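Asks: Before I ask anything, here is the structure I am working with.
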Amino acid sequence: MSGWQNSPKTAMLILKDGTILMGYGIGAIGHAAGEVCFNTAMTGYQEILSDPSYTGQIITFTFPHIGNVGVNDEDDETSNLKAASGARGCILKTDITNSANYRATKELDDWLKERNIIGITGIDTRALTSYIRENGMVDAIIAHSPDAKFDESKLQSELDNFPGLEGLDLAKEVSTQETYSFNETRWEWDEGFSKNSNPAFHIVAIDYGAKKNILRCLVSQDAKVTIVPASTSAKEILALKPDGLFLSNGPGDPAETGKYATPIIQELIESGLPLFGICLGHQLLGLALGAKTIKMHQGHHGANHPVQDLTTSKVEITSMNHGFAIDAATLPAGVIETHKSLFDSSNCGIALDNKPVFSVQYHPEASPGPHDSHYLFTRFINLVREQKGMTKLPEVEIVGAA
């Protein structure tokens, strides 16, 4: 341990206010600018780092033991491997230990290199988290140089030129460029993934940066899923003859993505088909219905966020990852607030009172996170079943959930 502490500091984090934090480099070599946030989840670091919604961000993990169970090919959440999606960097308290898990196929350090994610260890993540809580999410640049040599003036210049996430459309960067089908179900203990070869329903998902496990949850509700690019027209989507429509999660400023996405969503709403949105999809639905979005002070990132379902009074513990939110005060008539955060009362769900349309701000697919909100996928498919004159299913956890 003493040798590690006395070795040269090979990584640097420069905050927008000029604060410089030195540590030890892991992962990719180089530098990247992004918005620093913190995530409080104790598990699921691979899912978090590969979540397209984190594109443009550098993640501070508050849990100190990151990397100790390694990584594997099954837990990546990026559905579009051709895009540079996922986190730009990660900030850890302690060095990565050797993995100790039967599912591990490689070490986190190697995986970070493959994904071109820069990491820094040896940082007081508690102090950095407190800084973000007090000052909000801050832009920064992270750098890793094995020879411990840094051009601070060049790094500072690149940081000064980083535009920040506000006003930035990142969905177009992470969205698929081609339409494709998906039929993989959720992972089950000791069996892995399976295929649904004879689904009863057809869901079209608009990809703003979709997570794989969301798609699996839809398939596990007996649906074939067709994924289309973010800019696909409503006419093209409806030509696929879907039974339901899904608006995916994704990164960036919803107001910017909404410039091309909301007219499409408005046409889809008019079709009368059941529609469900998550995270960015939730925000875009709000914009399409006439509400406004706001940039949050520190955002919500973690797997322990309490949310109340106002339609049932049930409280659920949820997984969250967002830095923007719908301003509930701007919801127009006919749009109902269905969920709210019990941390800060921010909006976490909406629904139309005269159409089968709803969305939530958080991540019910639980990757990572608790399974409290799996019922939302059943709620969505029940809208599809209702339109087809079929019996509704009870809103319970998906059978065989991992």
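Asks: What about ASP169, is it part of a loop (DSSP other than H, G, I, E, B) and out of contact with any Asp or Glu (no Cβ under 9 Å at 6 or more places or on another chain)?
Replies: Judged against the criteria, ASP169 is not a match.
Asks: Go through segment 189-233 and give me each residue that's surrounded by fewer than 18 Cβ atoms within 10 Å (Cβ to Cβ), touching a residue at least 12 places away in the same chain (Cβ under 8 Å) and out of contact with any strand residue (DSSP E or B) (no Cβ under 8 Å at 6 or more places or on another chain).
Replies: TRP189, GLY192, SER197, SER231, SER233
Asks: Also, quick follow-up: Can you confirm whether segment 132-142 contains a residue that is farther than 30 Å from ILE237 by Cα, in contact with a His (Cβ under 9 Å, 6 or more places away or on another chain) and of a type in the set (Lys, Arg)?
Replies: yes
Asks: Follow-up question, since we're still on this one. All but one of (1) crowded, with 19+ Cβ neighbours inside 10 Å; (2) part of a strand (DSSP E or B) hold for MET22; state the number of the condition that does not hold.
Replies: Failed condition: (1).
Asks: So, one more: Among the listed residues ILE123, ILE141, ILE132, which satisfies the condition of being within 16 Å of LEU13 (Cβ to Cβ), modelled with pLDDT of 95 or more and in contact with a Cys (Cβ under 9 Å, 6 or more places away or on another chain)?
Replies: Unique residue meeting the criteria: ILE132.
Asks: Let me ask you something else. In segment 342-376, which residues are of a type in the set (Phe, Trp, Tyr) and under 17 Å from the mean Cα position of the chain (by Cα)?
Replies: Across segment 342-376, the qualifying residue is only TYR362.
Asks: Just wondering, is there one or more residues in segment 381-395 that are of a type in the set (D, E, K, R) and part of a helix (DSSP H, G or I)?
Replies: The answer is yes; a qualifying residue exists.
Asks: I'm told LYS241 meets every condition in (1) crowded, with 20+ Cβ neighbours inside 10 Å; (2) out of contact with any Ser or Thr (no Cβ under 8 Å at 6 or more places or on another chain); (3) more than 30 Å from THR40 (Cα to Cα) except one. Can you identify the failing condition by its number?
Replies: (1)
Asks: Of all residues in segment 62-87, which are surrounded by 24 or more Cβ atoms within 10 Å (Cβ to Cβ) and on the phi < 0 side of the Ramachandran plot?
Replies: Listed by number, the residues that qualify are ILE66, VAL71, GLU77, SER79, SER85, ALA87.
The values are calculated or read from the model by the stated rules, or taken from the named source; none is laboratory data. Since the structure is predicted, the reported quantities are computational estimates derived from the model, not experimental observations. Neighbour counts are summed over all protein chains in view; Cβ atoms, including those assigned to glycine, are modelled from backbone coordinates with ideal geometry.
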